[in-house]
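Chemist: Here it is, the structure in full.
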Amino acid sequence: MSDEADDLPDGLETRRRRRWTGLIGLTFSRWWQRASGTTAGRIISTVAAVALTIAFLLVVTGIALSLADGGMTAADDATVRITPEDQSTLSSVDGVEGPRLGATNERASEIRAHDGVAHASPVLIETGRLEVADSDPQTVRLVGVVSDDEPRTVAGLPTDRLEAGDPHYANGSYDGSRAGEIVLSRTAADRLDASAGDEVTVLTGPVRSANLSMTVTAVAETDGGEDGAPVALVHASELQSLSGAADGQLADRMVVWGDDDDARSAAADAYPDASVAVTGTADPTALFDDGLAFATSVIALVVGVTICASFVATTMGMTVDEDRRTLAVLESIGVPARGRLAVIAISTGITTLVGSFVGVGLGAAGIAAVNAAASATVAPGAVAQFHPLFVPYGIAVALLSGLVAVPYPLAVAARTSVLAEVGR
Amino acid sequence: MFNRSAQDSQSSITEADGRESTTAVRLEGVTHQYGSSGGRLRSSDERTVTALRNVSFDVAMGSIVGLEGPSGSGKSTILHAVAGLLVPTDGRVRLCGTDLTALSDAERTRMRRRHIGIVFQRFHLLPSLSARANVALPLVQAGISRSDRRARATTLLEAVGLGDRTTHLPGELSGGERQRVAIARALSTDPDVIVADEPTGELDTATGTDVLELLTDIGRDRAVVVASHDAATLSVADRVITLRDGRVNDVR
């Protein structure tokens, strides 16, 4: 009698490894032959369903990330952004203030003194009501910055249209002369019916002082932000005085321009306990700090996994149902149930994995398309952001969906009767 | 061409009690009833079909036993029982000295992998795998290395006259070539017993003759059980068992 399998000179572990390697290779080979053959329809439809679901997930998550990362008011061209560790962008939406950075004007000066740092500015964001002549008051997002002579962008607006420096700050005494300048976004100007040279009066809202007059130095198109939002740039110290943030020199964040490493080093030195992020790429951890963005991304995740798993389970179940004869043949040649089920599980894994790769690509394209559509219509600039972490995220979600889905095709496979399939 | 190594080709089996025997397959009073669900009998009120009634016979190493009889006489059921694909309702099936009816599903699968090669009437090759990959398939579960699997499969395909068809898919082969691939697959683990169910049923006469020559060659140092309606196929058997209504009607 032959016991070739048992009498192999190799160890048990080697045989087990070869067996599993062989089964995986067999599954890959079959999958590829089927995916590239004339019966590829079902595999392609499963891959497409996974891909579209992952793409949808990434687009929604990209929008949530953009929302969490600050949206319009974070549309700056700084190198490094310093924010409080426990920041929440909802604070500026619902009127509840979140944590702010302190001593910002003073530390901005320190940061500017570092080698490799071109400029640093606190950024304070407040909501105010503005009025021009006898027109109706309009609510505008006021963004306080310290400008210099270089063309820079904060909140999508050019800072160099303000007088360089921040004279009202006066080394922390806040008794310097007021420049009284304001740069309006196109939307803010349209709503106020204001143009360059007009006088604008700050009225009420969170801003304590009323009837403070400012001169419109420029009306600018927003760059990289939401053109539909009414935003205005003012000098930081003047907004701090208006809002009461002068006590403690508070600001929502600090932005730094210069060499990446130098700017990051200077920022970390100035605020060792704050979050220091190199801009240009969104910070995905911001999703966890923003309730709305987090909820949006979680909903997208749950919906994505549910849809993806449902589709994978259904289509893979149908595929296995059509493939019962193969399972029966495997049983007839001595492949045990565990091996046969592994073939199904691996097939499902391959399908979801390929779908996830396609989905990540589609997701990146979708985010680009959303931004292009927004730019062409109501909101120029990035309303959704792609992050490199989206790649492993999309793959992981697809594999999780496959894991959730795999019991169904396995159940179908387990019900296969070898006699019914290969008996005469 | 298909001779086994000296060690493997010894025409004796060590029985469970240590006796040496030349019997590869032994059926002892095998009865089988199919329940209405198509499987084993589940309850007395199910509509049942008795496929085998108290069937007993031996198959020695180095012999070919033919099973003949009309459709529904129990030929395929016997083959399935010998291959461990079903457990008879009553009686014992011994394969190389081991009582298959006493084993779990996993143990029967292991026995089948080690001792049985199956040739189906409709070949049942995996259409997405090449001829060589189909032949090498049983060796995957045996834990053979990839290079050894390929070498063994290539040798077997050459032995059945398909050395130039190793990379062809089953859909690119004729019926006779597919059956030869199926025979090569059944031989890949060098089993003690080959069961063949209508191996020439889908083939023309000339191709069928080639396949029968292969089976004859294979049967020199193995036990072969072949079920067929075809007299030419049964002519290669050393002994033919005629079944009727699940009973052994004649042995010649």
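Every number here is computed from the coordinates shown, using simple stated rules; none is lab data. Model, not experiment: these values are computed from the prediction. Because the Cβ atoms are built from the backbone with ideal geometry, glycine has one as well, and the counts that use them run over all protein chains shown.
Chemist: In the neighborhood of A:ARG42, defined by Cβ-to-Cβ distances under 12 Å, what is the net charge if each Lys or Arg adds +1 and each Asp or Glu adds -1?
Modeler: With Lys, Arg at +1 and Asp, Glu at -1, the net is -2.
Chemist: Mind putting a number on the dipole of the protein assembly as shown about its Cα centre? Charges go on the C-beta only, +1 for Lys and Arg and -1 for Asp and Glu, and I need it in Debye to the nearest 20.
Modeler: Approximately 5080 debye in magnitude.
Chemist: I'd like the orientation of helix B:146-159 relative to chain B: the angle between its Cα long axis and the longest Cα principal axis, in ° from 0 to 90, rounded to 10.
Modeler: 90
Chemist: Continuing with the same structure: Using the Karplus curve 6.51 cos²θ - 1.76 cosθ + 1.60 with θ = phi - 60°, work out ³J(HN,Hα) for each residue of segment A:244-251 in order, rounded to whole Hz, and write x for Gly and Pro.
Modeler: x, 7, 5, 5, x, 6, 7, 7
Chemist: Oh, and also: How long are the three semi-axes of the equivalent ellipsoid of segment B:118-252, in whole Å, if each is the root of 5 times an eigenvalue of the C-alpha gyration tensor, listed from largest down?
Modeler: Three semi-axes, in Å: 27, 16, 13.
Chemist: For A:TYR174, A:TYR169, A:TYR393, what's the fewest-to-most ordering of other Cβ within 10 Å of each Cβ?
Modeler: Fewest-to-most Cβ neighbours within 10 Å comes out as A:TYR174, A:TYR393, A:TYR169.
Chemist: Tell me, what is the Rg over Rh of chain B, with Rh the Kirkwood radius over Cα pairs? Please report the intermediate quantities before stating the final value.
Modeler: Working: Rg = 17.8 Å, Rh = 18.5 Å.
Using only Cα positions, Rg/Rh for chain B is 0.96.
Chemist: Right, something else. Place +1 on the Cβ of every Lys and Arg and -1 on the Cβ of every Asp and Glu in the protein assembly as shown, take the dipole about the Cα centre, and give the residue among A:ALA368, B:VAL211, A:PRO99 whose Cα lies farthest towards its positive end.
Modeler: It is B:VAL211.
Chemist: Sequence-distant or interchain residues sharing an amide H contact under 5 Å with A:LEU212, placed H: which?
Modeler: When sequence neighbours closer than 5 places are left aside, the close amide H contacts are A:VAL202.
Chemist: Nearest 10 degrees is fine. How inclined is helix A:337-376 to the longest principal axis of chain A, computing both from alpha carbons?
Modeler: So the helix axis and the longest Cα principal axis differ by about 30 degrees.
Chemist: Now, a different point. What does the average come to when, for each residue of peptide B:109-117, you count the partner chain Cβ atoms lying within 10 Å of its Cβ?
Modeler: Shielding by partners across B:109-117 averages 5.
Chemist: Calculate how many DSSP beta bridges within the protein assembly as shown are antiparallel, expressed in % of all such bridges and rounded to the nearest 5.
Modeler: Of all bridge pairs located within the protein assembly as shown, approximately 65 percent are antiparallel.
Chemist: Here's another thing I want to ask about it. Testing the spin-label approximation: label points 7 Å from Cα along Cα→Cβ at B:GLU158 and A:ASN171. State their distance in nm.
Modeler: Roughly 9.7 nm, to one decimal.
Chemist: Among A:TRP20, A:TRP257, what is the fewest-to-most ranking by other Cβ atoms within 10 Å?
Modeler: A:TRP20, A:TRP257
Chemist: Helix A:390-405 versus the longest principal axis of chain A: what angle, 0 to 90°, nearest 10, using Cα atoms?
Modeler: 40
Chemist: With a Förster radius of 25 Å, plug the Cβ-Cβ distance of A:SER195 and A:ALA365 into 1/(1 + (r/R0)^6) and report the FRET value to the nearest 0.05. It would help to have the intermediate numbers written out before the result.
Modeler: Working: r = 40 Å, r/R0 = 1.60.
For R0 = 25 Å, the calculated efficiency reads 0.05.
Chemist: For a quick protection proxy, order the peptides B:235-244, B:167-176, B:123-132 by their average other-Cβ count within 10 Å, most packed first.
Modeler: Per-residue Cβ counts within 10 Å, averaged per peptide and sorted highest first, yield B:123-132, B:235-244, B:167-176.
Chemist: Still on this model: Could you give the distance between the Cα centres of segment B:139-181 and segment A:20-65, to the whole Å?
Modeler: First find each Cα centre; the distance between them is then 30 Å.
Chemist: Put a dot 7 Å past each Cα toward the Cβ at B:THR209 and A:ASP321; how far apart are the dots in nm?
Modeler: Rounded to a tenth, the inter-label distance reads 4.7 nm.
Chemist: In a Gaussian network model over chain A where Cα atoms closer than 10 Å are linked, find which of A:MET318, A:MET214, A:MET254 has the largest mean-square fluctuation.
Modeler: A:MET318
Chemist: While we're here: Under the definition of partner shielding as Cβ atoms of other protein chains within 10 Å of a residue Cβ, what is the mean value for peptide A:267-279?
Modeler: Per residue, the average neighbour count from other chains is 0.
Chemist: Let me ask you something else. Need one value for B:96-105: mean number of C-beta atoms belonging to other chains within 10 Å of its residues' C-beta atoms. Spell out each step's value before the answer.
Modeler: Values: counts 3, 1, 1, 0, 0, 0, 0, 0, 0, 3.
That works out to 1 on average.
Chemist: Calculate the radius of gyration of the Cα atoms of segment A:73-281 to one decimal place, then report Dmax, the largest Cα-Cα distance, as a whole number, both in Å.
Modeler: Calculated on Cα positions, Rg and Dmax stand at 15.8, 50 Å.
Chemist: Okay, next question. So how do A:LEU292, A:LEU130, A:LEU287 line up by other beta-carbon neighbours within 10 Å, fewest first?
Modeler: A:LEU292, A:LEU287, A:LEU130
Chemist: For the residue pair A:THR21 and B:THR31, what label-to-label distance in nm results when each label sits 7 Å from Cα along the Cα-to-beta-carbon direction?
Modeler: With each label point 7 Å from Cα toward Cβ, the separation is 5.1 nm.
Chemist: Shifting gears a bit: At a Förster radius of 35 Å, what calculated FRET efficiency corresponds to the Cβ-Cβ distance of A:SER36 and B:VAL49, to the nearest 0.05?
Modeler: 0.20
Chemist: How high is the FRET efficiency from A:ALA414 to B:ASP90, r the C-beta distance, R0 25 Å, rounded to 0.05?
Modeler: Efficiency computed from Cβ-Cβ geometry: 0.40.
Chemist: Can you give me the long-range amide H partners of A:ASP77? Hydrogens built in the peptide plane at 1.01 Å from N, cutoff under 5 Å, separation of 5 or more residues or another chain.
Modeler: Placed amide hydrogens put A:THR153 under 5 Å from A:ASP77.
Chemist: Rounded, prolate or oblate: pick one for segment B:141-205, where a ≥ b ≥ c are the square roots of the eigenvalues of its C-alpha gyration tensor, a/c under 1.5 means rounded, and failing that, prolate if a/b is larger than b/c, else oblate. It would help to have the intermediate numbers written out before the result.
Modeler: On the way: a/c = 2.34, a/b = 1.32, b/c = 1.77.
Note, shape of segment B:141-205 comes out oblate.
Chemist: Calculated from DSSP H runs of 4 or more alone, at -39500 (n - 2.57) each and per residue, what is the 222 nm mean residue ellipticity of chain B, nearest 500?
Modeler: Dividing the helical sum by the residues of chain B leaves -9000 deg cm²/dmol.
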